[in-house]
Amino acid sequence: MRGRHLTCHDCNLVIDGEGDVPEGATLICPRCGAVVHHRKPNSIARTWALVIAALICYVPANLYPIMAITTLGTTSEDTILSGAAYLLHHGMWPLALIIFIASVFVPLAKLLSLMVLLVSVQRRWQWRPVDRTRMYRITEAVGRWSMVDVYVVTILVALVHVGSFASIAARPGAFFFGAVVVLTIFAAESFDPRLIWDRMDPDAEPAPEPAQGPARGPAPQPAQ
């Protein structure tokens, strides 16, 4: 059952959702002017689209080289995994572990977590809603740390450029990897964890996801 209060997704103002609001009207946040919904519009469809796009980009992100290093006329290219293996082979296992976790494990774990959450909502699972909500919060918080590889490549490309002696250039893998990180961040933002709790009543019919109405209604009042 949906509560009488709403939350603005822009400024997090808690708003009293009751009142004389015309049917089909769009509610406006009285503090920041953003559109307010009981639930994020088309949350499941938009999250699935972003997750599938991220999965497609995940394959070339790991197959294509992420950067090319030129030293004294000799060029070598490395993927994320080959770079981690190189660091491990030369005894720098802490750095190799960080690269592997942040650039390989975390993006894949985030995609799998979002898919589990989406399936659980669509299948109306009753299994551990608190734990699933925690899983979403963790997924939303750690996803942005996968950008460490992109930061490393960006810094190296900018700093290491000594004519023909040494230079570093980004390769297509860096683009696809950055796309994976950005798409997963947007996917986590698109998913509405309140849908987990909406599906907890097995006898209730699943409510349709809200769509923005054509008309603007009166601004709801902030909760007291």
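Worth pointing out:
- Asn12 vs. criteria of a type in the set (S, T, N, Q) and either open to solvent by less than 70 Å² (accessible area, probe 1.4 Å) or at pLDDT 80 or above (or both): no
- Taken together, the residues in segment 112-133 that are of a type in the set (Phe, Trp, Tyr) and within 21 Å of Leu50 (Cα to Cα) amount to 0.
- Residue that is among the polar types (S, T, N, Q) and within 17 Å of the chain's Cα centre (by Cα), where the choices are Ser76, Ser82, Ser43: Ser43
- Residues in segment 58-73 that are on the phi < 0 side of the Ramachandran plot and either touching a Gly at 6+ places or on another chain (Cβ under 9 Å) or at pLDDT below 85 (or both): Pro60, Ala61, Asn62, Leu63, Tyr64, Pro65, Ile66, Met67, Ala68, Ile69, Thr70, Thr71.
- Tabulated pairs, segment 79-92, first farther than 18 Å from Phe175 by Cα, second not basic (Lys, Arg), C-beta under 6 angstrom, 6+ apart or interchain: Ala84/Ala96; Ala84/Ile99; Ala84/Phe100; Leu87/Leu95; Leu87/Ala96; Leu88/Ala96
- Of all residues in segment 128-156, those that are farther than 16 Å from Gly178 by Cα have Cβ atoms under 7 Å from Cβ atoms of residues that are at pLDDT 70 or above and small (Gly, Ala, Ser), 6 or more apart or on another chain, in Arg132/Ser120; Met135/Ser113; Thr139/Ser113; Thr139/Ala188; Glu140/Ala188.
To keep it simple, each residue is scored yes or no on (1) under 17 Å from Leu108 (Cβ atoms); (2) buried (at least 17 other Cβ atoms within 10 Å of the Cβ); (3) among the aromatic types (Phe, Trp, Tyr).
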residue	(1), (2), (3)
Ala34	no, no, no
His38	no, yes, no
Pro41	no, no, no
Arg46	no, yes, no
Ile66	yes, yes, no
Ala84	yes, yes, no
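- Segment 132-155, subset modelled with pLDDT of 85 or more and open to solvent by 60 Å² or more (accessible area, probe 1.4 Å), residue farthest from Pro193 (Cα to Cα): Ile138
- Arg39 being in a loop (DSSP other than H, G, I, E, B), of a type in the set (D, E, K, R) and modelled with pLDDT of 65 or more: yes
- Of the residues in segment 122-129, at least one is in a helix (DSSP H, G or I) and either at pLDDT 80 or above or closer than 21 Å to Ile56 by Cα (or both).
The values are calculated or read from the model by the stated rules, or taken from the named source; none is laboratory data. Computed from a prediction, not measured in an experiment: that's the story for all the values here. Neighbour counts are summed over all protein chains in view; Cβ atoms, including those assigned to glycine, are modelled from backbone coordinates with ideal geometry. For the accessible areas, the whole protein counts, side chains as well, though only heavy atoms, and no ligand, DNA or RNA atoms are used. Shrake-Rupley method; radii C 1.70, N 1.55, O 1.52, S 1.80 Å.
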